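Laboratory data are not the source of any read-out in this text; all were calculated from the coordinates shown. Just so you know, these numbers come straight off a predicted model, no measurement behind them. Virtual Cβ from ideal backbone geometry, glycine too; neighbours counted across all protein chains shown.
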């Protein structure tokens, strides 16, 4: 072809259009594929996903040992006492022990998916290819939901597997015939996935990695501790209890096996609905800013 | 084809682009020339829908960029060097971009080869030199085989070979009937590459003309005259329709006439000359003075330039 368009480093003789290049319309499905490629071609993804599994399995193993130790101590205790112990450290509670830490690790992944694009300038390439912008954002959300849900489920399965030899002799493993236990494990997947989505939304709102991660940690870790100290210190103030039960972490965790003991809590499904509501609010705010503001 | 109509962008109190109207025609390379901060990048960002205009509108191939169903087939844009995630490899970046438009992997490898990136395609972009980053940006711009190319400072950071390559590819793409819009703050670069030039300064269009015409108009000769009676001489020259620049007391620069005329006029009026030097201003100087005016003076001078601009625009159409 034309000698004027050779690539100097290679001496390639192809022009920019050696032949017709098929280019198809942008569809949500194609955007989804693009976001899928983007996720798996970054090392940070593998690090955060690996860390999630390690945290989940590690916590489960640790708690399984504690559970076995307690069981040894309880040899010869009355059946009522044993039942109380089993309720405290039952199979699901052990298997899902690391869910809060795992949620924070996955939150880092969620935030990075968008803030990483803002900090590197990639967002301009993304929006040049998908000028409607929202499909790219929702594509990220769908990919994040898929990956987080599968990852959490796999982590739970692994945790169940490695703790089984420790728990089974004491008859403390997960009872899959118990719908409450199954619901609690399913709820753990829901909780972790919602926190990841919450972080994605915050990332798009703040456009800053450290800011987004700090905010997630503050909302899910720091504020709950402060409020819980306040509930203990000022039991006569009813509104603090109300604030506590409406916190994203406390409300969302009711569905999990590790809800924490509070006098006043929401029903598990209402609680996870409240967390979903907060997440939806953040996502709507993020989508609005994404759509209206200069990239 | 790119058409901007009354395009304006304000950031708070600062007006980056002020009521800009121009058309970039297909089949030629159009240079977008202006000093740093003149509004080139902002204008280009508005063309591809990254920034929302405060007022006015801009269309590419007849539609706003965001209304196109296959934007990468309409416009390939290289906007400020690294709009790429530093943690991803060059090839993976292109694959992710290609996926949005269902572009085949074959095409990705094609643009990698075309831009000479084979040896670094599987390396992460974070370690790229500015030149490699530019090549990757151009590869991404070519991915969708676009009808219009927008290249913001494409030769920045390129080695001489790379600069030549960009010039050739810009010309080649234009010769295929595509629209090529290329910005630079270097007059010489635009003079070598472009067929048409749009000059922007302080957010306003200062000139919009074929390069040859702009060069002829800009490269006027001036005559430097040093004389103790410079003011007197200046009045005489003004009467003969020459343009005078007062450089400093006793030193003027005369345009619109030549050294012979100035010398004879001075002799006839018994004016003492200490220096009489014909100065051929370079293109670079002409461009500098044009854009410097835009910074130093306000609406009066701009109105003058704008009138000249609309004149050239009319003649070109």
If you bin the C-alpha pair distances of the range B:2-214 every 5 Å from 0, what whole percents do you get?
-> 1, 8, 16, 20, 20, 17, 11, 6, 2, 0
Please report how far the C-alpha centroid of the range A:232-260 lies from that of the range A:169-195, rounded to the nearest whole angstrom.
-> 21
Globularity ratio of the range B:88-223, using Cα Rg and 2.2 N^0.38 Å | 1.20
In deg cm²/dmol, rounded to 500, what helix-only [θ] at 222 nm does chain A give when every DSSP H run of at least 4 residues adds -39500 (n - 2.57) and the total is split over its residues?
-> -24000 deg cm²/dmol
Just the Cα atoms of chain A: what Rg and Dmax do they give in Å?
-> 23.8, 91
Enter the angle in degrees (range 0 to 90, nearest 10) between the Cα long axis of helix B:90-99 and the first principal axis of the Cα atoms of chain B, meaning the one along which they spread out most.
-> 80
State the Cα centre-to-centre distance between the range B:90-161 and the range B:261-281 in whole Å.
-> 57
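In Å, the Kirkwood hydrodynamic radius of the range B:220-280 over pairs of distinct alpha carbons?
Values: mean 1/r = 0.0914 Å⁻¹.
After inverting the pairwise mean of 1/r, the radius is 10.9 Å.
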Could you give the spread of the C-alpha atoms of the range A:186-295 along their three principal axes, from largest to smallest, in whole angstroms?
-> 49, 30, 20
Each label point is 7 Å from the Cα along the Cα-to-Cβ direction; what then is the distance between the points at residue A:229 and residue A:54, in nm?
-> 3.0
Helix B:130-142 sits at what angle to the longest principal axis of chain B, using alpha carbons and giving 0 to 90 degrees rounded to 10?
-> 70
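Residue B:15 to residue B:59: FRET efficiency via 1/(1 + (r/R0)^6), r the Cβ-Cβ distance, R0 22 Å, to the nearest 0.05?
On the way: r = 22 Å, r/R0 = 1.00.
E between residue B:15 and residue B:59, to the nearest 0.05, is 0.50.
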Rounded, prolate or oblate: which one fits the range B:1-63, using the alpha carbon gyration tensor with axes a ≥ b ≥ c (rounded when a/c is under 1.5, else prolate when a/b beats b/c, else oblate)?
-> oblate
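Quick one: if the Förster radius is 30 Å, what FRET efficiency do residue B:215 and residue B:269 give, using the C-beta to C-beta distance and rounding to 0.05?
Details: r = 35 Å, r/R0 = 1.16.
It comes to 0.30.
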Using only Cα atoms, locate the centre of the range A:36-59 and the centre of the range B:1-73, then give the distance between them in Å, rounded to an integer.
-> 41
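Exposure proxy check: B:232, A:117 ranked by fewest other beta carbons within 10 Å? Intermediate results must be reported in sequence, preceding the final value.
On the way: B:232 13, A:117 25.
With the sparsest Cβ surroundings first, the list reads B:232, A:117.
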How high is the relative contact order of the range B:220-280, in percent, with contacts defined as C-alpha pairs under 8 Å that are six or more residues apart?
-> 51
Once every DSSP H run of n ≥ 4 in chain B is given -39500 (n - 2.57) and the sum is divided by its residues, what mean residue ellipticity at 222 nm do you get, rounded to the nearest 500 deg cm²/dmol?
-> -12000 deg cm²/dmol
Extension reserve of the residue B:161-residue B:226 stretch, reckoned as 0.36 nm per residue once the Cα distance is removed = 18.9 nm
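Tell me, A:47, A:36 in order of fewest to most beta-carbon neighbours within 10 Å? Before the final figure, lay out the partial values.
Values: A:47 14, A:36 18.
Result, fewest neighbours first: A:47, A:36.
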The simple spin-label model distance between residue B:260 and residue B:277, using points 7 Å out along Cα→Cβ, in nm, is 2.2
Once label points are set 7 Å from the Cα along Cα→Cβ at both residue A:153 and residue A:29, what is their separation, rounded to one decimal in nm?
-> 2.2
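In which sequence would B:261, A:173, A:163 go, from the one with the fewest C-beta neighbours within 10 Å to the one with the most? Please report the intermediate quantities before stating the final value.
Details: B:261 15, A:173 22, A:163 26.
Ordered by Cβ neighbours within 10 Å, fewest first: B:261, A:173, A:163.
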Estimated FRET transfer efficiency (residue B:236, residue B:129; beta-carbon r; R0 60 Å; 0.05) = 0.55
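Among DSSP beta bridges lying fully in the protein assembly as shown, give the percent that are antiparallel, nearest 5. Can you show the working numbers first?
Numbers: 37 of 55 bridges.
Antiparallel bridges: around 65 percent, rounded to the nearest 5.
Given an 8 Å cut-off on Cα distances and at least 6 residues of separation, report the relative contact order of chain A as a percent. If you can, show how the numbers build up before the last one.
On the way: 379 pairs, mean separation 62.5, N = 295.
Computed value for chain A: 21 percent relative contact order.
With contacts defined as alpha carbon pairs under 8 Å and 6 or more residues apart, what's the relative contact order of chain B in percent? Walk me through the intermediate numbers first.
Numbers: 616 pairs, mean separation 61.7, N = 317.
Taking the mean separation of contacting Cα pairs over the length of chain B, I get 19 percent.
Quick check: convex hull of the Cα atoms in the range B:10-110, volume per residue, rounded to a whole Å³? Write down the numbers at each step before the final one.
On the way: hull volume 14.7 nm³, N = 101.
So the per-residue hull volume is 145 Å³.
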